[in-house]
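> Handing you this structure, nothing more for now.
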Amino acid sequence: MSAGLPGFTVIGATGAAGRQAGDRVRAALTATGVRLPSRKILASLAPADVPTSGARFDLALCIALLVRLGVVPASGVSGCAFLGELALDGTIRAVSGVLPAAAHLAEHGAGRLFVADGNAAEAALVSALDSVPVRDLVELIEICNGRMAPRPTRQTTPAAGPPVSDLADVRGQAEARRALEIAAAGAHHMLLLGPPGCGKSMLAARLVGVLPPLTELQALELTAIRSVAGLLAGSGPTALDRTPPLRAPHHATTAAALLGGGTGIAKPGEISLASHGVLFMDELFEWPRRLLDALREPLEQGHVRIARSRATVRYPATFQLVCAANPCPCGGAGGCECADAQVWAYRRRLSGPLADRIDLAPRLRALRAHQLVDPVPVESTVTVAGRVATARAAALDRWAVLNRAAPPTKVRATARRDALHILGRAVEAGVLSGRGFDRALRVARTCADLAGEDVVASAHVHEALAHRAALRDVRAAR
Amino acid sequence: MTSSRSPGGRGPAPPLSRAQRSGVLRLAAGGRADAAVQQQVLRALLDAGSSCAPADVIAALDRRVGSCDDIGLTRVGARLRALHATLIVAGDDDYPPHLWDAWPELGAPLWLFSTGARPPAIRRPAVAVVGTRRPSTDGLRTATALGAALAEAGVTVVSGMARGIDQAAHRGALDGGGTTIAVLGTGLGVDYPARSGDLRLAVAASGALLSELPPGAGPRPWQFLARNRIISGLAIATVVVEGREHSGALQTARLAGGQGRDVWAVPGSINAPASAAPLALLRDGAIPLTGIDDFVTAISGSATSTGGRSTPDVAWQLSADATTLLDLLGAVPASTDALMAASTLPAHAVLAGVAELVDRGAGVMTPHGVVRS
């Protein structure tokens, strides 16, 4: 506050809504009955070069002024954060992006977060933070002065996720079911090869059900991504969704929609929305090469970095890739007549960065009539998920990450010599590349974990090789 | 195998004079003389006897067949020298006697362009191994083993240098350290099939590359059909390893039958599309090729081959599951689902067992499933 023409100026704010914050604060305080001195009031949002948008800093500006005016004691607001927009009559309005802000504040030591009623449930998802809902400035001032107890936040009950389709619905396809179990247990990337209509999409959808629920940290991260992407409609989430996500973008998707993008500041794309879950890419050979190549960085580093005019952002993108493709040029439905060499040539189109990262390539068969009429009962999602959970726990216990990311030298140390020799022979025979050696060994590690064994034996390595037989790292036969 | 066997028989090919040869080269370099025109020319030469200048005979036919002018002839000559190729005309010492014998009705090529390290190789008895350009993994293996076994028994292997079975047969013969001949459907100087350059060099070094077309002739469908009569004519027996319904190999085999030569067919599954041609031939009376050793014995009269399908004795080092699965494997690719149903083993055991068989060399992985090796 200084001498000069009476007024309220906010500097450092970009965007019209930010610059008009002063007017809103003045009007709201007047409506609440707080008299403002006839002096020049200057507020600065620092650092000035960080772009700001919207009116979410209104509440914080207002509190700073109230403390300066002595309406609220400084001790009443220490360790507190404020997020909300002010209406001219003094009520507090909900704003977007509360969850990521709350998570960030909790990380940086804030103990309490004041938000509008409409944001209370979303902020309460961060359990490390005490979220306080406030209706208007009167209530805020009373609470900060200790004259009123904060209202309790609405209790959040975990929302029952949508009923997940059961693995028992998938008929036949024993090889693919087994591959799915391994993929779930080791977070290995998978390519489903099968004719149209044999259940590739069905299987991909059921992988999500076999995966364990997300941890609180993972769920928070995912909800924050959804919040930034604007997918949380209305007042925001009321409970943390712990279901691993499944995203299945179409092959006509643009790079911006897949990886993240947009003008100004990039929004998260499909790969980030699939974080801690499954990204399903159907008709893999229809996808433009450029997009497949662009997936390399996120696959390797678990995040994606997007530069746009106003900012460079980094979004998490730790997804598990499931692709699907026809097994051969003719599609394979109704009896394939493709020659072996043609099929190898067709599958070799999947060379390059993506092929190097796929570990499991189960072959699915067209369904026979008797499988539709008289399905043989098969294991349900619950049974498989139980084994998967045990195997994942074993891996996390051993090297704190899932087997897909396990350090090669340590995995080798858990394998028997004769098991390693099998892989060596496969490399010599030309059916496995040098890079494929460790990838196959990690899959073998997962097979051993599923069997509850500490040591990787030859049977596990043989199975791992069988699961990538359809890939053929190296051109072996003429 | 002599002309006396055929009703319209004739003697050995007539020796041609120098002038006649140059006329033939002119025709050959023109590249438009098909089998019928060649017959005409030969018949005219023979009918004219010694009373007429051969150059006149050919000149008389020139208008009909469009032979090469002097400039073209020079160019073809230079090309032939660059390829180290020679012209073999009927009646020459190098002209394969079997080929001439095959054509009682004067269908043998009047000339052949030849390049290779061992020209006499083409005079020796040979066996043709032919098949589809889109073989199964099993067919490729059979063709390679056949080529190797024949080579080891000292029998020349003839084929057509096409992708698939043909090339596998050539490679097998080279692996067996023997002689192999490729009859091309293009000129000797054309890189066809693509990326077969190394193999063509190796075949030429072991035996010969033959073609009745001028060195620059590119691939045309009818040339390959015409070429097949030379393959069957060079061989005392033709083996069809794999072929589809309207395969060129089927035509080669039928030509061989018409030439009075033995036709052998490798029996395949009735469910395998690539076995359609051999099965059709078997129905029509071809000899079933039931074992490579037996076949080579029958052909060469002596059992010298070791390249047969003797499965290595691996049973002692296989796991119980793998042993069970080995008994279920055959030449038709088996899927995981099918093996599960037949063996009642769980999926992971079948997958591991199959990979173990492949690892131990007892099975081969194909895109459609696993086959026994």
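> Restricting to segment A:343-392, what's the tally of residues that are within 14 Å of chain B (Cβ to nearest Cβ), closer than 30 Å to residue B:135 by Cα and among the β-branched types (Val, Ile, Thr)?
Final tally of qualifying residues: 1.
> Within segment A:355-373, which residues are touching a Cys at 6+ places or on another chain (Cβ under 8 Å) and at pLDDT below 85?
Correct list: A:365, A:366, A:367.
> Which residue out of A:269, A:302, A:277, A:262 is surrounded by fewer than 22 Cβ atoms within 10 Å (Cβ to Cβ) and under 30 Å from residue A:116 (Cβ atoms)?
A:262
> Residues of segment B:300-327 being surrounded by 16 or more Cβ atoms within 10 Å (Cβ to Cβ) and either among the hydrophobic types (A, V, I, L, M, F, W, C) or modelled with pLDDT of 85 or more (or both), which ones? If you could, list the steps in order and put the result at the bottom.
Taking segment B:300-327 first, the residues surrounded by 16 or more Cβ atoms within 10 Å (Cβ to Cβ) are B:300, B:305, B:307-308, B:314, B:318-319, B:321-326.
Within segment B:300-327, B:314, B:318, B:319, B:321, B:322, B:323, B:324, B:325, B:326 qualify.
> Same structure again: Give the residue, chosen from A:435, A:439, that is modelled with pLDDT under 90 and either in a helix (DSSP H, G or I) or within 14 Å of chain B (Cβ to nearest Cβ) (or both).
Details: A:439 fails: modelled with pLDDT under 90.
Within the list A:435, A:439, the selection yields A:435.
> Quick one: in segment B:259-275, which of the residues that are of a type in the set (Val, Ile, Thr) and away from chain A (no Cβ under 14 Å) is nearest to the chain's Cα centre (by Cα)?
B:263
> Contact list please: Cβ distance under 6 Å, first residue in segment B:272-283 and modelled with pLDDT under 95, second residue part of a helix (DSSP H, G or I) and of a type in the set (Ser, Thr, Tyr), pairs at least six apart or on different chains.
Every condition considered, no pair remains.
> Look through B:182, B:162, B:128, B:153 and report the one residue that is out of contact with any Leu (no Cβ under 8 Å at 6 or more places or on another chain) and away from chain A (no Cβ under 14 Å).
Residue meeting the stated conditions: B:153.
> Go through (1) away from chain A (no Cβ under 14 Å); (2) under 22 Å from residue B:251 (Cβ atoms) for residue B:140 and report which single condition fails.
Here residue B:140 meets the rest and fails (1).
> Same structure, new question: Cβ-Cβ below 6 Å, separation at least six or inter-chain, first residue in segment B:214-242 and farther than 17 Å from residue B:28 by Cα, second acidic (Asp, Glu) and modelled with pLDDT of 90 or more: which pairs?
Filtered contacts from segment B:214-242: B:237/B:262.
> Check segment A:400-413 and report whether any residue there is within 14 Å of another protein chain (Cβ to nearest Cβ), touching a helix residue (DSSP H, G or I) at 6+ places or on another chain (Cβ under 9 Å) and over 30 Å from residue B:144 (Cβ atoms).
Checked against the condition, which is being within 14 Å of another protein chain (Cβ to nearest Cβ), touching a helix residue (DSSP H, G or I) at 6+ places or on another chain (Cβ under 9 Å) and over 30 Å from residue B:144 (Cβ atoms), segment A:400-413 yields no hits at all.
> For segment B:320-373, which fully contained helices (runs of 4 or more DSSP H) count at least 1 residues that are of a type in the set (Val, Ile, Thr) and away from chain A (no Cβ under 12 Å)?
B:320-328
> Does any residue of segment B:190-200 turn out to be crowded, with 22+ Cβ neighbours inside 10 Å and either touching a residue at least 40 places away in the same chain (Cβ under 8 Å) or not β-branched (Val, Ile, Thr) (or both)?
Checked against the condition, which is being crowded, with 22+ Cβ neighbours inside 10 Å and either touching a residue at least 40 places away in the same chain (Cβ under 8 Å) or not β-branched (Val, Ile, Thr) (or both), segment B:190-200 yields no hits at all.
> Right, something else. Mind checking which helices (runs of 4 or more DSSP H) fall wholly inside segment B:84-178 and carry at least 1 residues that are at pLDDT below 90?
B:97-101, B:137-152
> Pick out, from segment A:1-116, the helices (runs of 4 or more DSSP H) lying fully within it that include 3 or more residues that are closer than 17 Å to residue A:129 by Cα.
Of the helices (runs of 4 or more DSSP H) lying wholly inside segment A:1-116, those with at least 3 residues that are closer than 17 Å to residue A:129 by Cα span A:98-107.
> Going residue by residue through segment A:130-153, is there one that turns out to be within 14 Å of another protein chain (Cβ to nearest Cβ) and either farther than 30 Å from residue A:385 by Cα or at pLDDT 85 or above (or both)?
no
> Moving to a separate point now. Of the residues A:381, A:414, A:446, A:409, which is out of contact with any Asp or Glu (no Cβ under 8 Å at 6 or more places or on another chain), β-branched (Val, Ile, Thr), surrounded by 14 or more Cβ atoms within 10 Å (Cβ to Cβ) and on the phi < 0 side of the Ramachandran plot?
Selected residue: A:446, the only one of A:381, A:414, A:446, A:409 that is out of contact with any Asp or Glu (no Cβ under 8 Å at 6 or more places or on another chain), β-branched (Val, Ile, Thr), surrounded by 14 or more Cβ atoms within 10 Å (Cβ to Cβ) and on the phi < 0 side of the Ramachandran plot.
> Additional query: In this structure, is residue A:425 assigned to a helix (DSSP H, G or I), out of contact with any helix residue (DSSP H, G or I) (no Cβ under 7 Å at 6 or more places or on another chain) and under 27 Å from residue B:369 (Cβ atoms)?
no
> To continue, here is another question. Would you check which residues across segment B:203-224 are surrounded by fewer than 19 Cβ atoms within 10 Å (Cβ to Cβ) and either of a type in the set (Phe, Trp, Tyr) or within 22 Å of residue B:24 (Cα to Cα) (or both) and list them?
Selection gives B:216, B:218, B:222, B:224.
> Return only the number of the condition from (1) under 24 Å from residue A:101 (Cβ atoms); (2) modelled with pLDDT of 80 or more that residue A:48 does not satisfy.
Condition not satisfied by residue A:48: (2).
The values are calculated or read from the model by the stated rules, or taken from the named source; none is laboratory data. This one's a predicted model, so the numbers in the text were calculated from it and none came from an experiment. Glycine also receives a Cβ, built like all others from the backbone with ideal geometry; neighbour counts cover every protein chain displayed.
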